[in-house]
Amino acid sequence: MLFKQIGEEFHNLAEKNERGFKETLKEVDQIIQQEGLIFKEKALPFSVQPLAITEEENKYFQRASETLSDALEIVLEAYEKDDEIKEFFSYYNKYTRLININPRYKRKIRISRFDCIWNGGDGFKVVEPNACCPGGVIVLGKLKEQWANLSFIKEITSSYEQEQFLCDTPNGFISELLNAYKEMGGNIDRPQIALVNYAGNYSYELEHIKKYGREMGHNIVICDLRDLKLDSQRQQLMYNECPIDIIYNKVDQLELGNKDMEDVIEACEKGLVCNVNSYPSMFIGESKMTLALLTDPRFQEKYLSYEQIEMVNKHILWTRKLEETITSFKGEIINLIEYVIDNKDRFVLKVDNSTRGENVFLGKDTDEEVWAKIVNDNKNTNWIIQEYNEIPSVSILESEGENIVKKSKKFGIDIFMFGGKYAGVVSRISDKAVINLGQGGYEQPVIVLKDVKEKVMSV
């Protein structure tokens, strides 16, 4: 595997040039401080050791992820017209007004991310969709750009031809906002973009999107969703005296729909503003229950193409809504609740809409009585049960005092999608099986190394 080979090269170089490795750690820390990269009031955790993928792996990620993205879009289409699907997502009935708003652009999921388990080759497994407001759309690319120019890193990568991801540039994200705006009929050359949160939550990355976007010449403000109001004619959404053409939502979708955002809802219903992501994407596309539908043979037969079914079965972990039902697992017909309780080591329990690694329970790490109680207390609500897949590990170099030490870390990859098209990969590493920055994990740069066959053959 290339990522293991590059890891070994990185370790060997660090052993030969310990001073250079330590200097690189300091340089990255300085970049993070200078750019003001903060997550949960601390410096953004970032590994200087890259994860390398081959050109062939990158091309496969593109083909597979775009097929999966099309399948996820079909779930939203089915929700619109199929009462049985609406009932499946009945937990979200209180948000029906928002979900039913037509965004006036065809593809409702514009900015998204698949969180995956991967251990080389084409065998990645999707564990969660992120179609509300995925993190890392700009910050990681800008940090990676400066990291890649450090002399120590160039010693590893200079002998390879490299390929840049769309998500490595601020332009990729901003362009997708503009694509959605134009698709819904917007015709202003430099539309006013509002980056919004709600009650101060989920503000990570907004300042950097504004900064990098303004450097590119775009008109961008940051504001609270509640401060957006229609003008006196109720024909233009405004922030103070500034007309707003595009909203990018960086919010907890479950906080939405209150009276204090009535003007925003009306503006979206009238098509006065381009809303990204769309509300169907933020509620249904974000829901982990979409994976339960996609892996259900009944849904597949009714809605998916042969190619989509192949990709779903290969790349999405078996998932079901946690409910009293008869279903299939590995070719066996099972009573879901009884089977999950009796075979806890094979499964993971999750709340359908929790983020940042919260409310995730691994059966193999949970006491039998506690597991059974969680299952029985939360069945027939908005929880899911998912097949457990072993999380791979990678050896990472870290500095402890004056020493450089090797540590085994769990790792996974996140695949970004802009407008349903593959935008690139980032990686996260952690001591825990639940890999998330909110749970103590940190980011790892991913690089595509081309023309590696000649290099590998010569080693």
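What the table shows:
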read-out: Coarse-grained scattering of segment 129-282 at q = 0.12, 0.15, 0.19 Å⁻¹, given as base-10 log I(q)/I(0) from a Debye sum over alpha-carbon atoms; value: -0.55, -0.79, -1.18
read-out: Segment 54-79 and segment 408-423: distance between their alpha carbon centers, rounded to Å; value: 11
read-out: Shape of the chain, Cα gyration tensor, a/c cut at 1.5; value: oblate
read-out: Karplus-derived 3J(HN,Hα), 6.51/-1.76/1.60, for each residue of segment 306-313, Hz, glycine and proline x; value: 4, 4, 5, 4, 4, 5, 4, 5
read-out: Per-residue ³J(HN,Hα) for segment 442-447, Karplus 6.51 cos²θ - 1.76 cosθ + 1.60, θ = phi - 60°, Hz, x for Gly and Pro; value: 8, 7, 9, x, 10, 10
read-out: For Ser278, residues with placed amide H under 5 Å, excluding near neighbours; value: Arg110
read-out: Euclidean distance of C-alpha centroids, segment 347-398 and segment 254-284, integer Å; value: 31
read-out: Cα centroid separation, segment 288-317 to segment 30-48 (Å); value: 38
read-out: Amide H within-cut-off set for Phe347, under 5 Å, with H built and near neighbours excluded; value: Gly363, Lys364, Tyr388
read-out: Directionally averaged shadow of segment 364-442, computed from the convex hull of its alpha-carbon atoms, nm²; value: 8.5
read-out: Projected area, mean over directions - segment 166-235, Cα convex hull, nm²; value: 5.7
read-out: Share of pairwise Cα separations in segment 100-208, more than 17 Å, in percent; value: 69
read-out: Interchain or long-range residues, amide H under 5 Å from Arg107's placed H; value: none
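Just so you know, all these numbers are worked out from the coordinates, no wet-lab data involved. Being a predicted model, the structure only gives us computed values, none of them experimental.
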